Amino acid sequence: EWMPALNVTVAGENGPPTDLNGDDKTDAVDIQLIINAILGLGTLGAAADVNGDGLVNATDLQTVINAALGL
């Protein structure tokens, strides 16, 4: 089944930092990095708290997914 690419521009100065791997796009890789952080895997540390509320949880995941989808 064909799936469109989700590579979009990362959030700007007014949005949270959603390009977690530094490749200048927010995509499935960044979504996986957030999932890994929620599960206690990976090394994102504080960068996984994309909305700055002091927690790494589903809200951060939703923020990255929205950015990947251009929402």
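Results, tabulated for the structure shown:
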{"read-out": "Residue within segment 25-37 that is assigned to a loop (DSSP other than H, G, I, E, B), at pLDDT 90 or above and touching a Leu at 6+ places or on another chain (Cβ under 7 Å) present", "value": "yes"}
{"read-out": "Selection within segment 48-71 - part of a helix (DSSP H, G or I) and either under 13 Å from Leu33 (Cβ atoms) or touching a residue at least 60 places away in the same chain (Cβ under 8 Å) (or both)", "value": "Ala48, Asp60, Leu61, Thr63, Val64, Ile65, Ala67, Ala68, Leu69"}
{"read-out": "Failed item, numbered, when Leu20 is tested on (1) buried (at least 19 other Cβ atoms within 10 Å of the Cβ); (2) modelled with pLDDT of 90 or more", "value": "(2)"}
{"read-out": "Output for segment 30-51, where each listed residue is open to solvent by 60 Å² or more (accessible area, probe 1.4 Å) and either among the aliphatic types (A, V, I, L, M) or over 11 Å from the mean Cα position of the chain (by Cα) (or both)", "value": "Ile38, Leu39, Gly40, Leu41, Gly42, Thr43, Ala46"}
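The values are calculated or read from the model by the stated rules, or taken from the named source; none is laboratory data. Please read these numbers as outputs of a predicted model, since none were measured by experiment. In this analysis, Cβ positions are derived from the backbone assuming ideal geometry, glycine residues included, and neighbour counts consider all displayed protein chains. Please note that ligands, DNA and RNA were not included when accessible areas were found on the heavy atoms of the full protein model with its side chains. Shrake-Rupley method; radii C 1.70, N 1.55, O 1.52, S 1.80 Å.
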